[in-house]
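Please treat every number below as a calculation from the coordinates, not as lab data. Note that this is a predicted model, so its numbers are computed, not measured. Note that we place each Cβ from the backbone using ideal geometry, even for glycine, and neighbour counts take in every protein chain shown.
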Amino acid sequence: MESDIPNKTHYMVDNLFRREGARIVSTLTRIFGMEHLELAEDVVQEALLKALQQWPYSGIPDNPPAWIMQVARNRALDVLRRRQTFIAKEKDIASWYGLEGESTDKFFLDHEVRDDELRMLFVCCHPLISVESQIALILKILCGFSIAEIGRAFLSSEETIHKRLVRAKRMLREIRPQFEIPGGTDLATRLDTVLKAVYLLFNEGYNASQGERLVRAEFSHEAIRLTRLLSSHSVCDRPKTHALLSLMLLHAARFTARLDDLGQLILLQDQDRRLWDRALIAEGLEELDRSAGGEKISEYHLQAGISACHCLAESYEATDWSRILMLYEMLVYIDNSPIVLLNRAVAIAKVHGPRAGIHAITKIKDRKRLEKYYLLHAVLGEFSMELGNSEQAAKHYRKALEFTRVKSERMFLSGKLKSIIENLN
């Protein structure tokens, strides 16, 4: 049993980072100032490393987040005491903390502090920072993404993402934005960016870009938590926010049916729908109803509508593909990105046949951006199989295997390819 302690501790610290790290970084940044954002990130990382070193021997504390907060705070104070910039802030910091040795348990009961993460989301979306850099900044600081994961989400190189983050953090240090949720006309633009970033986080959990697991539920649950936080705030309680929350809940309801006991991928048509979480589906449909209060339809409304079609169908064969295609046709007017057009091509194939699907793919603008996206080749492989062209299907599945890093997806594609080759022989 003792040999399991380090593993359990590592798992707890990893989850703690995902669950509480952003809140602690946000609060330390509010207290010490935006110019010390990187210091806040560093001391939280140091505190987490210290937890990995000490907890296997000293035991896990009663309140792990408060322990991390206190260690990080003390380390930040040590660093700032050696800097002249601390002198001007010393009284404010001291009054906030009270006695230096006081427990930080009360930190996690303070409503203002719980909102710090939400405030940080909007700080990262300052209008002087490019939209791409805003999203990268949020994913790095608040969502715990690595630079490599952000790069894959943007279909960009790690070097490009690193440069964006450096420029964005330098901009924040220079402008020192107010640590608050914006109001008026400024809110709409910055809320859009926040929602995009949270959606990217959810997608990384729903369909991981690398690693042993296709589903990284902790990412998606964190995205749902952040969106619930947004939807419950009076300023952010907008139809689009509820539409995104609906979309996430409807997707999350199918998590348990997407993989078998060995971790292998199960396609939608083969899933046991009895495993779908009906409570999440009901909540997702309620959120979709709440999203209908506005005059404008967003991409999240349409995507949630598509997901609702799947969730409400009694079987795969009963799926209303004509309605799904109609929703995709509407979505293209809002978002004509290559990935949306690829998904539309699948719907076209379901309604009009695989040849029509292939034709739709050939018409995708910027299709070159999809050449290293495994689903493009997997979809073409499926279309080729439906047309009885096994040799072409095998070629596409081999190509798909080149571009996927997730073990369960590789196992699935390898199985499809093996079956095709056996039939050819």
Notebook entry, point to check: For the stretch 115-222, with only Lys/Arg (+1) and Asp/Glu (-1) charged at the beta-carbon, what is the dipole magnitude about the Cα centre, in debye rounded to 20?
Noted result: 400
Check: Can you put VAL131, VAL43, VAL406 in order, fewest other beta carbons within 10 Å first?
Finding: VAL131, VAL406, VAL43
Margin query: Within a 10 angstrom radius of the beta carbon, how do TRP321, TRP67 rank from fewest other beta carbons to most?
Written below: TRP321, TRP67
Next item on the list: In debye, nearest 20, what is the charge dipole magnitude of the stretch 149-290 about its Cα centre with +1 on Lys and Arg Cβ and -1 on Asp and Glu Cβ, if you could check?
Entry: 580
Margin query: Taking 0.36 nm per residue of sequence separation and subtracting the Cα-Cα distance, how much length would be gained by fully extending the chain between ARG398 and GLU132, in nm to one decimal?
Written below: 92.5 nm
Next item on the list: Give, in nm to one decimal, the length gained when the segment between ASP260 and ASN389 is fully stretched (0.36 nm per residue of separation minus the Cα-Cα distance).
Entry: 43.6 nm
Next item on the list: Along Cα→Cβ, 7 Å out, is where each label goes; now give me the distance between the ones at LEU424 and ALA279 in nm to one decimal.
Entry: 4.9
Item checked: Reduced Cα scattering model of the stretch 115-222, Debye log10 I(q)/I(0), q = 0.20, 0.22 Å⁻¹ -> -1.03, -1.19
Checklist line | FRET efficiency, 1/(1 + (r/R0)^6) with R0 35 Å, evaluated for ALA217 and HIS359 via beta carbons | finding: 0.40
Check: Once you have the alpha carbon radius of gyration of the stretch 316-416, what is it after dividing by 2.2 N^0.38 Å, with N set to its residue count?
Finding: 1.08
Item checked: Contour minus Cα-Cα distance for SER232 and ALA318 (0.36 nm per residue) -> 27.4 nm
Checklist line | Under the Debye formula (equal points on every Cα, no solvent term), log10 I(q)/I(0) of the stretch 239-359 at q = 0.17, 0.18 Å⁻¹ | finding: -0.92, -1.01
Checklist line | Cross-link pairs beyond the 18 Å C-alpha cut-off, checked among LYS240/LYS296; LYS350/LYS395; LYS140/LYS372; LYS140/LYS368; LYS350/LYS399; LYS395/LYS416 | finding: LYS350/LYS395; LYS140/LYS372; LYS140/LYS368; LYS350/LYS399
Note to self: Can you sort CYS309, CYS143 from fewest to most other Cβ atoms within 10 Å of each residue's own Cβ?
What the structure shows: CYS309, CYS143
